[in-house]
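Read through the structure below, which is laid out as structure tokens, and then see the notes.
The values are calculated or read from the model by the stated rules, or taken from the named source; none is laboratory data. Here the structure is a predicted model, which means the values were calculated and not measured. Neighbour counts run over all protein chains shown; Cβ positions are idealised from the backbone, glycine included.
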Amino acid sequence: MRAYYKTIITYQVLHEDPIPDDTCLGDIVEMCDSGPCVGNLKKWETKTVDGETMAKLLTEARSDPSFFDIDCNGRDLSDIEAMRATEPEDECPLCHNGTVEHCSREDGEWAICRGECGAAVPLEDDDD
Ligand SMILES: [Zn+2]
């Protein structure tokens, strides 16, 4: 299982003149390192997040889940490809402890691990 982390940093900036609120973080650090401001790292908080949460956080940060090679549900893109490459009754390529079943559902054809991991992957690209 992959791990993902979210870190929130609180950086206090002391200055005499107002700083425009669209100043980028790199410029703020520069102003504190060699400019008219003093910076002080106040808080550093790291949490682990699951893949689904990371997919949402990436979208919220104006990036994309594919930045970490996951889909919008947090599923690893290489895991999805491995499951899609299976034939029915193949060994599960993810947990190697069970067989893969292909089945028809209302929302299309799925490859589902009937073993340890229980991974379920649509066999065709969904449009999300
Ligand atoms: Zn499995």
Is there any pair linking a residue in the range 64-77 that is in contact (Cβ under 8 Å) with a residue 60 or more places away in the chain and closer than 18 Å to ALA120 by Cβ to one that is of a type outside the set (Lys, Arg) and in a loop (DSSP other than H, G, I, E, B), with Cβ under 7 Å and at least six apart or on different chains, and which? ASP76/ASP69
Scanning for something more than 25 Å from the chain's Cα centre (by Cα) and surrounded by fewer than 10 Cβ atoms within 10 Å (Cβ to Cβ), does the range 78-101 turn up at least one residue? yes
When you look at ILE112, is it within 16 Å of the ligand (Cβ to nearest atom), within 19 Å of MET1 (Cα to Cα), in contact with an Asp or Glu (Cβ under 9 Å, 6 or more places away or on another chain) and outside any strand (DSSP E or B), yes or no? no
Going by the conditions given, is GLU81 within 14 Å of ALA120 (Cβ to Cβ) and away from the ligand (no atom under 14 Å from the Cβ)? no
Take the conditions within 16 Å of the ligand (Cβ to nearest atom), modelled with pLDDT of 95 or more, within 25 Å of TYR4 (Cβ to Cβ) and surrounded by 13 or more Cβ atoms within 10 Å (Cβ to Cβ) and apply them to PRO65. Does it pass? no
Do the conditions hold for GLY98, that is, is it at negative phi, near the ligand (Cβ under 8 Å from one of its atoms), modelled with pLDDT of 95 or more and in contact with a strand residue (DSSP E or B) (Cβ under 7 Å, 6 or more places away or on another chain)? no
